1. Let's test this: bin the Cα-Cα distances of the chain at 5 Å from zero up to the farthest pair and state each bin's percent.
2. Quick one: 3J(HN,Hα) in Hz for region 65-77, Karplus 6.51/-1.76/1.60 with θ = phi - 60°, rounded, Gly and Pro as x.
3. Collect residues whose amide H, placed 1.01 Å from N in the peptide plane, falls under 5 Å from the amide H of V16; neighbours closer than 5 in sequence don't count.
4. Need one word for region 61-140: rounded, prolate or oblate. Basis is the Cα gyration tensor (sqrt eigenvalues a ≥ b ≥ c); a/c below 1.5 gives rounded, then a/b vs b/c decides.
5. What ranking do 46-54, 88-96, 15-23 get when scored by the average of other Cβ atoms within 10 Å per residue, highest first?
6. In whole Hz, what ³J(HN,Hα) sequence does region 112-128 give by Karplus (6.51, -1.76, 1.60; θ = phi - 60°), x for Gly and Pro?
7. Which of S109, S69 has the fewest other C-beta atoms within 10 Å, and how do the rest follow up to the most?
8. Within a 10 angstrom radius of the beta carbon, how do D98, D131 rank from fewest other beta carbons to most?
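No value in this document is a laboratory result; all are computed from the given coordinates. Everything quoted here is computed from the prediction, not taken from an experiment. Glycine also receives a Cβ, built like all others from the backbone with ideal geometry; neighbour counts cover every protein chain displayed.
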Amino acid sequence: MARRRGLRPLVLPDAVLLDSEGLSAAAAGSPRVRAELALAERLGATIHVSAVTLAETLRGGPRDARVHSLLQGAVSQPVTPGVGRAAGELLGRTGRADTVDAIVAATASGLGQKVRILTRDPDHLRALTADMDGVSVVAV
């Protein structure tokens, strides 16, 4: 059977990275995100969140309770100078200007595994991760 152009084969993840939209969707109880996280759990994949995602998502109010609950099962990834450099270089290579998305993409690349990024806005992250082996972007 011929493979359709533009479709990537299904990659079972070793890790799942939530961007701010993915984390917000998870906190809101999105069935798609719940299914992705349940699959990750069954596969033994680790859930990750970049520190920059926390800055985009948390506001210090009662709405944060669900996010904090989700974060108990996630590994928070710091934005180190190395991640910052990688994100800046990624922006330079791609001609994009989405700094936070570039940090998320650089974080995914640095995990060194098969990573699925969960987001509601896949176009920017797909553009940034197009050349990253093992990183896939899933619209949720």
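1. For the chain, the binned pair fractions read 2, 10, 21, 24, 21, 13, 7, 2, 1, 0, 0 percent.
2. Taking θ as phi minus 60°, the curve returns 4, 5, 5, 4, 4, 5, 5, 4, x, 10, 9, 7, 9 Hz for region 65-77.
3. The answer is T46, I47, H48, R116.
4. Details: a/c = 1.72, a/b = 1.58, b/c = 1.08.
It is prolate, given that a/c is not under 1.5 and a/b is the larger ratio.
5. Details: 46-54: 21.4, 88-96: 14.1, 15-23: 26.6.
The densest-packed peptide leads the list: 15-23, 46-54, 88-96.
6. x, 9, 7, 10, 10, 9, 9, 8, 8, 10, x, 4, 5, 5, 5, 5, 6
7. S69, S109
8. Numbers: D98 19, D131 10.
Arranged by neighbour count, lowest to highest, D98, D131 become D131, D98.
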